[in-house]
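Remarks on the structure that follows.
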Amino acid sequence: MTNADQSVIIKPAQGKRPKNDRIEMVRRIIENDPWSVNVLEPVRALGLPDWAIGAGFVRARVWDELTGQDRTPLGDVDVLYFDPAAADPAADASLERKLTDIRPDVPWSVTNQARMHFRNSDLPYRDTEDALRFWLETPTAVAVRLEADDTITVLAPLGLDDLFGLVVRPTPETRKRADKMAAYRHRLATKSWPQTWPGLRVEDQ
């Protein structure tokens, strides 16, 4: 195993295994961006179980890099963790306040994935990685974690092809349910992703 392989832990699911070059690209994009690292650090300090930051934090940063753009402002920074013993939403709100005290310039959003299956009418998730499979679109189902030794763990249960291919499509779990497909289409209608990142291809089926 090379040093590059050792510095990134990938937990693929359903036979999806991101290519090593794309794994390394995610790692370099995050590690070489001081703002991203500085956002990861206070979350790591909280010591949350199975934590990661996902969604636009990774997706937008990668798309900015691929399209040669400056950083796109984020509407929120999605902090995920998995703790069945802390299923009260008030715990998430408390964590958001702690992070806001440290970095008031960051739009924090904290959600315990151990309870989110209730809101989404899914079967219980096994862990944070499993929860990503149930998100609406494929390029958003990616998250990263800064480990104690400053290496980056990448959670990409559906692979990285769509993220690096500038493709937005429903996840397999989204396609299974009409209500999730409706939510997917509504979400896309509220975004301006194709205008923000030229060359983006969006599927609505």
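Every number in this text was worked out from the coordinates using simple rules, so none of it is lab data. As the structure is a computational prediction, the values presented were derived from the model and not from experiment. Note: ideal-geometry Cβ built from the backbone for every residue, glycine included; neighbour counts use all protein chains shown.
In table form, for the structure just shown:
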item	result
Span per principal axis, largest first, for the Cα atoms of the stretch 97-169 (Å)	36, 30, 24
Centre separation in Å (Cα based) which lies between the stretch 140-186 and the stretch 187-205	15 Å
Viscosity 0.692 mPa s, temperature 37 °C, Stokes-Einstein D of the stretch 133-194 from Kirkwood C-alpha radius, µm²/s	257 µm²/s
Simple spin-label estimate for A178 and D70 in nanometres, 7 Å along Cα-Cβ	4.7 nm
In order through the stretch 85-90: 3J(HN,Hα) via Karplus (6.51 cos²θ - 1.76 cosθ + 1.60), integer Hz, x for Gly, Pro	7, 10, 7, 6, x, 4
Calculated SAXS-style log₁₀ I(q)/I(0) at q = 0.11, 0.15, 0.16 Å⁻¹ - the chain, Debye, Cα scatterers	-0.49, -0.97, -1.12
All aspartates and glutamates inside 18 Å of K176 as judged from Cα atoms, apart from same-chain residues fewer than 8 positions distant	D122, D130, E137, E203, D204
